[in-house]
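> Here's a structure for you.
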Amino acid sequence: MNIGGMVTKVKLYSTTLGAYDVIIGKDWLELHQEHVHYFKKKVYCNDDFGEPVIIKGLKWYISLRFTSTAKVKKFMREG
């Protein structure tokens with residue numbers, strides 16, 4: 001998978017979660033020794049070879065918080 005220009009191997013589980021392409025799990029973050037800077041939307045981590053990488057988040061012009069929450073609730077109701 002290519003995450004912000006960093007190519008890495010991951011186990012993926014498919015699901016529909018609205019506007020998100022992928023949700024990075026805690027196990028992947030711990031393995032790559034991540035440090036998240038939420039305000040700057042950056043993840044500082046190491047690639048599969050131990051080299052430092054900065055992954056930059058996309059700037060969104062709309063709030064996805066309400067949309068994704070509503071969709072998750074809908075999916076939970078549907079089972």
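Coordinate-derived values only; no laboratory data. Fair warning: this is a prediction, and the values are worked out from it, not measured in the lab. Because the Cβ atoms are built from the backbone with ideal geometry, glycine has one as well, and the counts that use them run over all protein chains shown.
> Restricting to the stretch 11-40, name every residue that is acidic (Asp, Glu), part of a loop (DSSP other than H, G, I, E, B) and exposed (fewer than 14 other Cβ atoms within 10 Å of the Cβ).
Correct list: 21 only.
> Where the second residue is in a strand (DSSP E or B) and among the polar types (S, T, N, Q) and the first is within 14 Å of residue 46 (Cβ to Cβ) and lies in the stretch 1-30, which pairs have Cβ atoms under 9 Å and are six or more apart or on separate chains?
Within 9 Å, the pairs are 8/2.
> Got a sec? Which of 43, 53 is under 12 Å from the mean Cα position of the chain (by Cα) and part of a strand (DSSP E or B)?
Just one listed residue meets the conditions, 43.
> I need a count of the residues in the stretch 26-40 that are aromatic (Phe, Trp, Tyr), more than 13 Å from the chain's Cα centre (by Cα) and closer than 16 Å to residue 9 by Cβ.
Count: 0.
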